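Values quoted throughout were computed directly from the atomic coordinates according to the rules given, and no laboratory measurement underlies them. Please read all numbers here as calculations on a predicted model, not as lab measurements. Cβ coordinates were reconstructed from backbone atoms using ideal geometry, including for glycine residues, and neighbour counts include every protein chain displayed.
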């Protein structure tokens, strides 16, 4: 069952290229033939001479990045992009969400739909669509939102997972908060789930865990795609003897159990430079203990975890308002994915603790666990936790606050109005997100 | 990939333009070793087969370079400067049809440049610009280069600006304006400047103001450094931002050093649009991010480094020094101190082997020292282009939308008022057909309200602005 990926904008395309690279390498290196075949089939089309072509479409409003991306893939010698799988224009979107959404989107809707259709037709069965984009720019965010809407209309029964890159707090783009607010508020209406990677978090991981001195976007993308790969590579989801055939669908049903809660974050352990990896030994109890505390204390990585934060004690009969513990991150749903040696022996009971979750959902529907005995991307043992929890509440609140402050002075609004987004549209978007913030706060 | 057209008007505009084309050729020759006419080249040059009788439309990218022609229109109302260009080593780069000249000049009179020559040459100018535009696949931007103090650059230049807006409303207009210094020898330069300012405020998408005095100061600073030549700190001659070395033109003329700085500014601002990088910054992103309100589009440029030392060991300290320098008042291209005024927005365009972590580290380091307006506390727009300028391993262009332009404009208004109060030289302007007293008063009030807008923002500096109350949702 295949996944088609749509890469949008500079970020989406740069991350996408790294993503297929990781998938290809991981599948190729796997000793388990079934894993390798399943991985290949899911993300690539295999040609007559066993050459791999990614099931992907590249979209950008200016040509430089796409050219680079396609060239880089071809250079690897192991996989490539399809010959006519891309669409680009010349002018770019100028970091203007309105330009991406109201101008480029509708203008190029048919061409993009065509490209997607052609790629989907080459899948035996389509299991889901993955989009990759950033929130801060114009094409990924604006056009990406429009295209997601189109995809939803084209494939109403297919799961669509939006992977978004959350910009650095201290600005890459001045109007990034506007663009992010507009994107998130619109995506919320028709996306199945929004999986977030924050540049600041990934940057810290590169600096403190991977020990990289001069961090480039390449390094950042490698971490992001390591995380993504650990979720989407073949895995056993139920106690069946086959690799799951519907990874994205099952992903959605595990994590998004209520339409008001769609924001997903991800934690992965262990992470380190490849040189250190050679000398490290891990055991499941240690890894899982850290991961659990990372969830509870909302730590984004395994360094600097606050061990004083505890889950509140709650008895099942006490279904009133949940007690609020300082710093505690409450979850709606969690998905734990274990890969590597001795997975069967891993003790995951700690994640089934009802204290971690909201009281109005039974624990059985709140927690799921997947596993694969095949080591992933060079790590003998690795664990990923995808959460639908309050962990993005802080960043979201901060972003909306900054955008609102800027909106109060009406700065830059004329740039959006030029392309058809009015003050009313802004207000609507703010309202949607304040609602999301309120929902998550009250967990 | 988009194309840009340079429109150079007047003596200053054409002299700066000339340096720009020379250095652009040098930059592309440095990067483009195979002689292929690539996308980067096509942003400023056409590839023409001069053997063909129609002047050739051999514009296929990917083919070998035949003859490069600049995407430019050269306008001057006296022939001296343009003739020099046509006889100089850059003559191959321009088609005779791209030049629009007259004989007698504008006599440092904005009204003559704007109204007299404007109406006379309007059709010709539109025709030439249209031809240049037709040669473009996707025209994104006009770069207008002119000075404010004279008659042609200032008067006819701003007429052309208006014309570009009318005929090509979708294409961005980025204007590089050279402002006169207080000791300028043209007596009427304040009149010319204020009359031109109004047009810039109303018709330009963004303006890069440059002051002659700042350019002089930078040139002197570099000359001083290269002459004092302390052991171990010898400057690489072709690496300075004022150097013409490696370009087509051989002999250095006066003003060349100053003009090279402005030429480098234009090369750096377009570098990310032409060359690849991990975080591209196109021209439309500049106008989007740096212009929060339509009239406040004056962006103070600063270039670093001014030179590269011959010492090859360049520690990270030098990189950080480059960022610090970008905010020092010695590197600004107008005489202003942005650090002590209020930032509305700031763009950092980095070229060369610099990674995102270096960028972030420096932003975090410098941020607390720079006052930003309350609603844009993290107002940074950043770009990373992998290709450094000739002679450097890395370079930084900072563009600041900062209230420090207010004193510059106020001073200009002062000089204007001194003359206007006495009605000095007014009759030279008013006797030109199309010119009225109202033009003066309107221009003055336009400038005053611009200064007032900046003042109001300035007043918020340092004041602790409360956050706007958020929307409350019914739960």
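Side notes on the structure shown:
- Restricting the calculation to Cα atoms, segment A:66-187 yields a radius of gyration followed by a Dmax of 15.1, 45 Å.
- The percentage of C-alpha pairs in chain B whose separation is greater than 32 Å is 39%.
- Rh (Kirkwood; distinct C-alpha pairs) - the protein assembly as shown, Å: 29.6
- Peptide A:89-101 is shielded by partner chain Cβ atoms: per residue, an average of 5 of them sit within 10 Å of its Cβ.
- Helical mean residue ellipticity (222 nm; -39500 (n - 2.57) per DSSP H run of 4+; nearest 500) of chain B: -12500 deg cm²/dmol
- Residue among A:144, A:171, A:340 with the largest mean-square fluctuation in a Gaussian network model of chain A, springs linking Cα atoms under 10 Å: A:171
- A:265, A:273, A:254 arranged by Cβ crowding within 10 Å, fewest neighbours leading: A:273, A:254, A:265
- All alpha carbon pair distances within segment A:1-155 were sorted into 5 Å bins beginning at 0; the resulting P(r) in whole percents reads 2, 10, 20, 23, 19, 13, 8, 4, 1, 0.
- Full-stretch length increase - residue A:345, residue A:246 - with 0.36 nm per residue and alpha-carbon distance subtracted: 33.1 nm
- Residue among A:378, A:105, A:304 with the largest mean-square fluctuation in a Gaussian network model of chain A, springs linking Cα atoms under 10 Å: A:304
- Residue B:104-residue A:121 pseudo-label distance in nm [points 7 Å out on the Cα-to-Cβ vector]: 7.1
- Taking N as the residue count of segment B:1-157, its C-alpha radius of gyration divided by 2.2 N^0.38 Å amounts to 1.05.
- Here the simple spin-label model places points 7 Å from the Cα toward Cβ, and for residue B:464 and residue B:320 these points are separated by 3.0 nm.
- Efficiency of FRET from Cβ geometry, residue A:29 and residue A:49, R₀ 25 Å, rounded to 0.05: 0.75
- Note on residue B:138 and residue B:167: the model spin-label points, each 7 Å out from Cα along the C-beta direction, lie 2.4 nm apart.
- Going from the residue with the fewest nearby Cβ atoms within 10 Å to the one with the most, A:294, A:210 rank A:210, A:294.
- Cα-based shape type of segment B:87-174, given that a ≥ b ≥ c are square roots of the gyration tensor eigenvalues and the cut on a/c is 1.5: oblate
- Computed on the Cα trace of chain A, the radius of gyration divided by the Kirkwood hydrodynamic radius gives Rg/Rh = 0.95.
- Cα extents for segment A:152-295 along the principal axes, largest to smallest and rounded to whole angstrom: 50, 50, 26.
- Take every Cα pair under 8 Å whose residues are at least 6 apart in sequence, average their separation, divide by the length of chain B, and the relative contact order is 16 percent.
- For B:69, B:221, B:34, order by how many other beta-carbon atoms lie within 10 Å, fewest first: B:34, B:221, B:69
- Chain A, relative contact order in percent, only Cα pairs under 8 angstrom and at least six apart counted: 16
- Computed lengthening from residue B:83 to residue B:427, 0.36 nm per intervening residue step minus Cα-Cα distance: 120.6 nm
- Ellipsoid equivalent to segment A:234-369 - semi-axes via the Cα gyration tensor, in Å: 26, 21, 14
- 10 Å Cβ neighbours from other chains, averaged over peptide B:365-377: 3
- Estimated FRET transfer efficiency when R0 is 41 angstrom, pair residue A:37-residue B:31 (beta carbons, to 0.05): 0.40
- Cα shape, segment B:255-378, gyration tensor, a/c 1.5 rule: rounded
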